[in-house]
1. If I ask for residues that are in contact with a strand residue (DSSP E or B) (Cβ under 8 Å, 6 or more places away or on another chain) and farther than 24 Å from C:LYS335 by Cα, which ones from region C:86-109 would you list?
2. Looking at D:VAL60 and the list (1) crowded, with 23+ Cβ neighbours inside 10 Å; (2) out of contact with any Asp or Glu (no Cβ under 9 Å at 6 or more places or on another chain), which single condition is not satisfied?
3. Which is aliphatic (A, V, I, L, M), touching a helix residue (DSSP H, G or I) at 6+ places or on another chain (Cβ under 8 Å) and more than 30 Å from C:ARG240 (Cα to Cα), of D:LEU252, D:LEU264, D:LEU276, D:LEU326?
4. Please determine, by comparing only the residues of region D:127-167 that are crowded, with 22+ Cβ neighbours inside 10 Å and among the β-branched types (Val, Ile, Thr), which one is nearest to the other protein chains (Cβ to nearest Cβ).
5. Against the definition (among the aliphatic types (A, V, I, L, M), more than 14 Å from chain A (Cβ to nearest Cβ), surrounded by fewer than 24 Cβ atoms within 10 Å (Cβ to Cβ) and out of contact with any Leu (no Cβ under 8 Å at 6 or more places or on another chain)), how does B:LEU316 come out, yes or no?
6. Working carefully through the options D:ALA273, D:ALA245, find the one that is surrounded by fewer than 20 Cβ atoms within 10 Å (Cβ to Cβ) and aliphatic (A, V, I, L, M).
7. Could you list, in sequence order, the residues of region A:203-247 that are among the aliphatic types (A, V, I, L, M), in contact (Cβ under 8 Å) with a residue 40 or more places away in the chain and more than 11 Å from every other protein chain (Cβ to nearest Cβ)?
8. Could you list, in sequence order, the residues of region A:1-18 that are of a type in the set (A, V, I, L, M) and surrounded by fewer than 20 Cβ atoms within 10 Å (Cβ to Cβ)?
Number of protein chains: 4
Amino acid sequence: MIFVLKPGVPQEKIEQFQQKIESNGFKSFLSTGAGHTVVCLIGNTAAIDLDAVVQNNDIVGYGKRVTEPYKAVNRNVHPEDTMVNVSTVTIGEGMFQVIAGPCSVESEEQIIEIAGSVKASGATMLRGGAFKPRTSPYAFMGLHENGLRFLLKAKKETGLPVVTEIMNQTQLPLFEEIDVIQVGARNMQNFDLLKEVGRFNKPVLLKRGLANTLEELLMSAEYILSEGNSQVILCERGIRTFETATRNTLDLSAIPLLKKKCHLPVIVDPSHAAGLRALVPPLARAAIAAGADGLMIETHNNPARALCDGAQSLDLAQFSDLMADLKRRIAFEGKQAIVV
Amino acid sequence: MIFVLKPGVPQEKIEQFQQKIESNGFKSFLSTGAGHTVVCLIGNTAAIDLDAVVQNNDIVGYGKRVTEPYKAVNRNVHPEDTMVNVSTVTIGEGMFQVIAGPCSVESEEQIIEIAGSVKASGATMLRGGAFKPRTSPYAFMGLHENGLRFLLKAKKETGLPVVTEIMNQTQLPLFEEIDVIQVGARNMQNFDLLKEVGRFNKPVLLKRGLANTLEELLMSAEYILSEGNSQVILCERGIRTFETATRNTLDLSAIPLLKKKCHLPVIVDPSHAAGLRALVPPLARAAIAAGADGLMIETHNNPARALCDGAQSLDLAQFSDLMADLKRRIAFEGKQAIVV
Amino acid sequence: MIFVLKPGVPQEKIEQFQQKIESNGFKSFLSTGAGHTVVCLIGNTAAIDLDAVVQNNDIVGYGKRVTEPYKAVNRNVHPEDTMVNVSTVTIGEGMFQVIAGPCSVESEEQIIEIAGSVKASGATMLRGGAFKPRTSPYAFMGLHENGLRFLLKAKKETGLPVVTEIMNQTQLPLFEEIDVIQVGARNMQNFDLLKEVGRFNKPVLLKRGLANTLEELLMSAEYILSEGNSQVILCERGIRTFETATRNTLDLSAIPLLKKKCHLPVIVDPSHAAGLRALVPPLARAAIAAGADGLMIETHNNPARALCDGAQSLDLAQFSDLMADLKRRIAFEGKQAIVV
Amino acid sequence: MIFVLKPGVPQEKIEQFQQKIESNGFKSFLSTGAGHTVVCLIGNTAAIDLDAVVQNNDIVGYGKRVTEPYKAVNRNVHPEDTMVNVSTVTIGEGMFQVIAGPCSVESEEQIIEIAGSVKASGATMLRGGAFKPRTSPYAFMGLHENGLRFLLKAKKETGLPVVTEIMNQTQLPLFEEIDVIQVGARNMQNFDLLKEVGRFNKPVLLKRGLANTLEELLMSAEYILSEGNSQVILCERGIRTFETATRNTLDLSAIPLLKKKCHLPVIVDPSHAAGLRALVPPLARAAIAAGADGLMIETHNNPARALCDGAQSLDLAQFSDLMADLKRRIAFEGKQAIVV
């Protein structure tokens, strides 16, 4: 961390500033030149509030963090790609997994029908919500424990590992048999939940928040890793912008940037990004080409009757058609893992 | 809720669409004219996913909700202003309350010193975080139970009612003696938490999320009211935009808009909005002029040593000076409640 | 255009509203049902300010445009894809063109060297700025007339058609020999310029503004087409969001959406979107997969010495490597037009 | 400007980097410490593309501008407040001016009626558009030369100085008798226009662009001042965000920030910011309290018939009522200049 001092600061004030830094347990060193004095801090500066130092010390012009505030997720610290193993499936560089299924589990029959169909089409994991965050308190919020139960039945029938969303940490005991715990966009900065899933021995699918930067996403992943769980999959799902033609704006730059800065797998959810069924195929194709390690696609046996998010769900035939195309593309990229 | 059909839809398809609607328990009526056919739904449409209906029915051009999706917070339903009573203090139209205190409670001495000083300056409530949401897992996260304990000591010493943030529902039992439970910006759509505070018999201070619309804020308040707790105070604290000169962009339009659409009190937090101490006074003055019912201002006995958010905290003398100015302004607006 | 009236409006007020509409030259028809009255306007409503009607008529609850406000660019009106012919090159559905070259023309030697190299790598058009919009008045602003002259020399040497940006309408006479006139992002709503290029008989490359919606982009294209020039190429180049890791956020949803709503070709500029050289290849690949009709890629013979935008320019070898990859992808998509 | 080098860079590469800098005409000095090497550039760095240096030099970790890129508008360079004189009216610190009038001049009678009324209510300047930028090519675009003529008649009748928008530099000769030339939000980065109004001897009202940062606004003002015209008034008019309840989000932090960084007057346009008539009074009050030097308020003799922007216009009685309130507030702030 460095601080550039304002021009013309008296020597005495500079020394006071250095003493203050050192009394907080950091080493500092000074470099002075024509018109510029720069104070460099040495030590673990992750806990320092940079803005506060600038605001609280009149002599400081501005400050800048030289090293990233994240350690455990940092590719500089851990250069090899993390591969997340979910029963028979591996998520990470060189592989490609497609997670498919409905927004919410609506009945045992529904989820089993969808699971069988998406597996036949080539999906390697099954998604389905049992606890649904909804903007309105009057909307359908999922089947809760029953939803989890039906999902596990679908797993048993098809062998597909299952992904489902947790809404708060008190639900964790219910997730013992779930393969991947999803932390949704609205919970990306629910730090207590992040800590708890960090202590739970299960892969976590962490979705980027609607208005969160990539650095914040990495810091949230850092919460999970810093508690001992390194099985984290990041998911880009669109950010909130001024554009209203789509529900969110899918930020595909996130894929190469995240893969450069950290060692975790990165997948894309084109369904929630766009909010429009017709955009799912082109965005899925673009995500593969941009280097994603997988996709999460909403698929429903009867979107017209879906109890939530039907507008963006593909039906089973549309998903099958899309997968036929995606398989060619995954092969083109030299990636493996779609079971044919 | 109305749906405008695409031009040239055959009569038979229109009838199928109406039957589908009615099989879901709604009444519909049709109006036809030169080139336009409009289907109106009658009934409680709050649970309908409008976008899904449009996407899933080829004959529908677009749909529009005619009534707001919120009921309990709606001023049309409940025209009188809600006044929230917090021990000796009342928050609502015609009154003006200033909540002051540090970002986080750091020690018993600190919070008691600050409490005494801000009370002397005219603050009528005390804030102070015991559980702090922090972007980094390595940052200071508050004193937890001890923080609550010190806060209650400061309350006992000064008589100021206290406001503090809850981070997850398992903490609720610790909040029995707290006067107002704050739900922070990052938790505005933590729906399970909203439901729990809705069942807890305490006033709630609900902050707008960084990237949430006013309608979403109202829907989150609706969660609390729909569980039986109508003692909710809304708080505008800045939204995330492209501008980087301030931490967030304070949206003062929120005050007149929220007060028009709902009956709840609306306060403003200029400290978190700006992230810069020097902007707190002008934004506080603007908030009063725009019709706010109160302010929440970060104040610290030693901002240069603050363990979090020091960059935006006023020191005790700055707060005192600001309050001298604000009192004149509150009087100018014809509002009461600052204890002099 | 339809207006839904508020509940309980007296018949007399409804009639006054209809008379007002009809006195403005529109026909209206009324549909009434349980609780809803809808007034539909018939006629060319493109010039009506919808918000004003709602605000200015107390009885109106809300209004909605039923038809798009654009005509000439509308795919419903003109279903066939527009193919833009630029000397030997065709831009449009089924084809794929790569426009390459430096941010600005810096010398005759520079642009000729770059032109020869990018042609050899497979680019089919040459870009290079002669008039450069720069945030700072102290930055390099291009070689102006000399820049155009050097660009035309490079065209003569290589046969590549040339694209260059116009900054204001007084420059039009200088653009007689230029193949494609670029209207930059900052000028997307410079309506007088749009009208002038609409009267000039040259293809126009219209870039999306940093904070403009897709509908606004289409309306700006409509300005050009409504003056008689239908040779317009749209270009997505990133929008401004809260994310600071990239210069802008590339919105690839724009490709399928624009191609659905209008009949014009759509290309993508990954260089300005990302602002980072390392992101250009993955975003270029993603754009092809999402259905773009071409790419515009900044390429420089010596990016380290580039007088502007060097941070995002590929050098000639990097461009050559990228093109080798892109050609495989263009072939994979079944598109033609890269000259090998 | 400083550059912090990556850790472990060999001495030889550092020297090459310094030679490169110095061959570009800058002096540099080096400071080295435990783990950090910082290179500081000395000289006028305004023309350097910081990002390009970072991207183009592998050894550089990041760079930072130490001084602001603007000079002429910089308050550090020019500490006294600029007062802009417009015939009998002065705009700047300590004064307060209200500019009122319609979105567009629609007829001689209209503008004269409005001018007389707003003057009687206390406005000190008259606005009215003759050239109107409109999103749609089919919308009303103003009366052009006739509009200017009618505006000057209204000036003659009432003595109010007039403000009106220019759309391109070819119109400048028509603006000889206009008192203040407005450069609209969409033209804030029309750099050729900025240069031309910088050479024209008239006060300029420069509106912030919809998606422009405050630093960009200052750089655009710098264009005008660097051509010799220092009579510039800045205008905050709302920025584009994800919130759709208002047309734009008014950013009142802009007032104290701009007044701190530069010496120019800052006014606020609450009408275009909100897009809703009912929000104009509270936002106008807030702007005064936040320290604005003036307001620009859309006012129409018959908003229900206004040819553009009627949704946000006050009628003459509403404006009169608002002014009665604003006068009390301007007096409260200790500012002068409303003629009563």
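The values are calculated or read from the model by the stated rules, or taken from the named source; none is laboratory data. None of these values were measured; they are calculated from a predicted model. Cβ placement follows ideal geometry from the backbone for every residue including glycine, while neighbour counts extend to all protein chains displayed.
1. Initial filter on region C:86-109 (in contact with a strand residue (DSSP E or B) (Cβ under 8 Å, 6 or more places away or on another chain)): C:86, C:89-92, C:94-105.
Those that are in contact with a strand residue (DSSP E or B) (Cβ under 8 Å, 6 or more places away or on another chain) and farther than 24 Å from C:LYS335 by Cα: C:PRO102, C:CYS103, C:SER104, C:VAL105.
2. (1)
3. Step by step, each of D:LEU252, D:LEU264, D:LEU276, D:LEU326 is checked, and only D:LEU326 is aliphatic (A, V, I, L, M), touching a helix residue (DSSP H, G or I) at 6+ places or on another chain (Cβ under 8 Å) and more than 30 Å from C:ARG240 (Cα to Cα).
4. Filtering region D:127-167 for residues that are crowded, with 22+ Cβ neighbours inside 10 Å and among the β-branched types (Val, Ile, Thr), the one nearest to the other protein chains (Cβ to nearest Cβ) comes out as D:ILE166.
5. Yes.
6. It is D:ALA245.
7. Listed by number, the residues that qualify are A:LEU205, A:VAL232, A:ILE233.
8. Scanning region A:1-18 gives A:VAL9, A:ILE14.
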